[in-house]
Amino acid sequence: MDRIGGAWVSPTLQNLLIITRDDAVMSWYRRLYVPGGTYFFTVTLADRSAWTLVKEIDLLRSVYASVIKEHPVRCDAMVVLPDHIHAVWTLPEGDADFSIRWKKIKGLFSWHCKAVGYVSPSKARKGEKGIWQRRFWEHSIRDNADFCAHVNYCHFNPVKHGLVPRPEAWPYSTVHRDIREGQHVA
């Protein structure tokens, strides 16, 4: 085992672990890039009280479709809430670059969206509209139980937030696809 950025990492994982640095705040971010891997993501608006994602759902769907056409994924689960997105994606064999997909989705959505959030001086210097939080959270799925737990987390998240009484009542979720395909277990 080797020590990388304060964490112990096995030599096999060391080749997949990419450590990036954000010079603006001197933080180090660790991302595990596994070609063909399955991941759970949370992508959040800067304004946690905004309803931008559901108000602009047609734009978000269009942007998502265009990015996924260029950079395919298998979308195992997704839910769009007013201020954040949860997704479980499986990347194609040999492809580990989930970051480019989220960068393009967030960038294209921001470019075409009428909404504007608070633009800090650092965001202004970078030409950002202040809609999104700069980062996103990802978790590499470990096994089938982890996969099922995160798919269910996506589907039940609107219930957790008090938006609907049951997952099927939320319109912006892959739970509807899973029900049609007989895969959803309540």
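If each residue's Cβ is checked for other Cβ atoms within 10 Å, how do Val43, Val88, Val34 rank with the fewest at the top? It would help to have the intermediate numbers written out before the result.
Numbers: Val43 19, Val88 25, Val34 15.
Lowest count first: Val34, Val43, Val88.
Convex hull over the Cα atoms of the range 35-180, averaged projected area in nm²?
That works out to 9.0 nm².
Need one number: nm distance between label points at Arg135 and Ser122, each 7 Å from Cα along Cα→Cβ, rounded to one decimal.
Inter-label distance under the simple model: 1.1 nm.
Taking just the alpha-carbon atoms of the range 31-88, what radius of gyration and Dmax come out, in angstrom?
12.5, 35
So what's the net charge close to Glu70: Lys and Arg +1, Asp and Glu -1, counting the other residues with Cβ under 14 Å from its Cβ?
+2
Taking the simple approach of a point 7 Å from Cα along Cα-to-Cβ for both Ser66 and Asn144, what is their distance in nm?
4.0
Roughly how many debye, to the nearest 20, is the charge dipole of the range 35-180 about its Cα centre, given +1 on each Lys and Arg Cβ, -1 on each Asp and Glu Cβ, and no other charges? Let's see the in-between values first.
Working: 21 positive and 15 negative charges, 124 e Å.
Computed about the Cα centre, the dipole is about 600 debye.
What are the semi-axes of the equivalent ellipsoid of the range 128-186, taken as the square roots of 5 times the eigenvalues of the Cα gyration tensor, listed largest first and rounded to whole Å?
Taking √(5λ) for each Cα gyration eigenvalue gives 23, 18, 11 Å.
Bear in mind these aren't lab numbers, they're just calculated from the coordinates by the rules spelled out. Here the structure is a predicted model, which means the values were calculated and not measured. Virtual Cβ from ideal backbone geometry, glycine too; neighbours counted across all protein chains shown.
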